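The values are calculated or read from the model by the stated rules, or taken from the named source; none is laboratory data. Small disclaimer: the values here were computed from a predicted structure and weren't measured. Note that each Cβ is placed from the backbone with ideal geometry, even for glycine, and that neighbours are counted across all protein chains shown. In case anyone asks, the SASA skips ligands and DNA or RNA and just uses the protein heavy atoms, side chains included. Shrake-Rupley method; radii C 1.70, N 1.55, O 1.52, S 1.80 Å.
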Amino acid sequence: AGNPYSINYLMFTLAAQGTLILHGKRKGYSMLHYTALTGSLGGETLIFAKSSSELVKNAIMKGEFDELRNIIPIMAIIMTIVTALTQVHVLNTGLAKFEALVVVPVYQTFYNAFAITGGLIFFQEYRAMSKKDTTMYSIGLMITLVGVNMLVQQRRKSVLPSHVE
């Protein structure tokens with residue numbers, strides 16, 4: 001997990017999350033801020049959880065627990081807990097402010113996108129993908145994002161007229 005792609009992915013997600021937070025503070029938080037932030041945190045939670053479990057599993061199977069005294073496994077476990085708790089808090093805040101029928105599908109899309117793409121990059125699973133797999137994954141991701149965009153746009157159209165009086 002210490003490869004440059006893993007570090008680049010984590011830096012990208014942290015930059016994206018920081019941008020969402022700063023933009024939300026300046027312009028006011030929208031449903032997209034909450035769902036994108038929560039989804040990216042969910043993807044990171046899965047990455048940290050898998051990293052933690054793999055480190056613990058390897059230590060148990062080898063019978064060598066010295067590796068668990070290193071800072072990396074400890075940080076992975078701490079980050080699993082921190083990202084999971086933050087994810088739940090941000091999701092609950094978004095659900096309290098916006099309609100669940102829109103928040104949940106958009107959150108789920110960001111969650112899947114960050115979790116799957118993060119796993120592909122962080123654990124170098126992309127190396128086992130053929131060009132066909134990569135193409136199909138990209139097409140599937142695009143279809144999902146376009147579908148959620150259509151859902152949000154349709155929901156805005158149906159909600160806006162009721163607020164105008």
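In the set PHE98, PHE122, only one residue is under 13 Å from TYR34 (Cβ atoms) and surrounded by 10 or more Cβ atoms within 10 Å (Cβ to Cβ); that residue is PHE98.
The residue that is farthest from MET136 (Cα to Cα), counting only those in the stretch 75-121 that are in contact (Cβ under 8 Å) with a residue 40 or more places away in the chain and among the hydroxyl-bearing types (Ser, Thr, Tyr), is THR93. Of the residues that make up the stretch 27-46, is at least one β-branched (Val, Ile, Thr) and over 18 Å from THR109 (Cα atoms)? Checked the stretch 27-46: no residue is β-branched (Val, Ile, Thr) and over 18 Å from THR109 (Cα atoms). Quick check on ILE47: is it in contact with a helix residue (DSSP H, G or I) (Cβ under 7 Å, 6 or more places away or on another chain) and either more than 25 Å from ALA15 (Cβ to Cβ) or in a helix (DSSP H, G or I) (or both)? So ILE47 fits the description; yes. Checking every residue in the stretch 151-163 against the condition of being under 21 Å from THR45 (Cβ atoms) and surrounded by 12 or more Cβ atoms within 10 Å (Cβ to Cβ) gives zero matches.
Filtered by the rule that a residue be open to solvent by less than 80 Å² (accessible area, probe 1.4 Å), out of contact with any Gly (no Cβ under 6 Å at 6 or more places or on another chain) and not acidic (Asp, Glu), the stretch 47-69 gives PHE48, ALA49, LYS50, SER51, SER52, SER53, LEU55, VAL56, ASN58, ALA59, GLY63, LEU68. One residue stands out among those in the stretch 1-14 that are open to solvent by 30 Å² or more (accessible area, probe 1.4 Å), in contact with a Phe, Trp or Tyr (Cβ under 9 Å, 6 or more places away or on another chain) and not small (Gly, Ala, Ser): the one that is farthest from ALA115 (Cα to Cα), which is TYR5. With a requirement of 3 or more residues that are touching a Phe, Trp or Tyr at 6+ places or on another chain (Cβ under 6 Å), the helices (runs of 4 or more DSSP H) lying completely within the stretch 70-165 that satisfy it span 71-97, 100-122.
Candidates VAL82, VAL103, VAL56: the one that is aliphatic (A, V, I, L, M), over 30 Å from LEU151 (Cα atoms) and under 15 Å from the mean Cα position of the chain (by Cα) is VAL82. Does the stretch 135-149 contain at least one residue that is crowded, with 18+ Cβ neighbours inside 10 Å and not acidic (Asp, Glu)? Scanning the stretch 135-149 turns up at least one residue that is crowded, with 18+ Cβ neighbours inside 10 Å and not acidic (Asp, Glu).
Let's see how each residue does on (1) open to solvent by 80 Å² or more (accessible area, probe 1.4 Å); (2) at pLDDT below 90:
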site: ALA16; (1), (2): no, yes
site: ALA84; (1), (2): no, no
site: HIS89; (1), (2): yes, no
site: VAL102; (1), (2): no, yes
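Scanning the stretch 20-31 for residues that are open to solvent by less than 90 Å² (accessible area, probe 1.4 Å) and either in a helix (DSSP H, G or I) or aliphatic (A, V, I, L, M) (or both) gives LEU20, ILE21, HIS23, GLY24, MET31.
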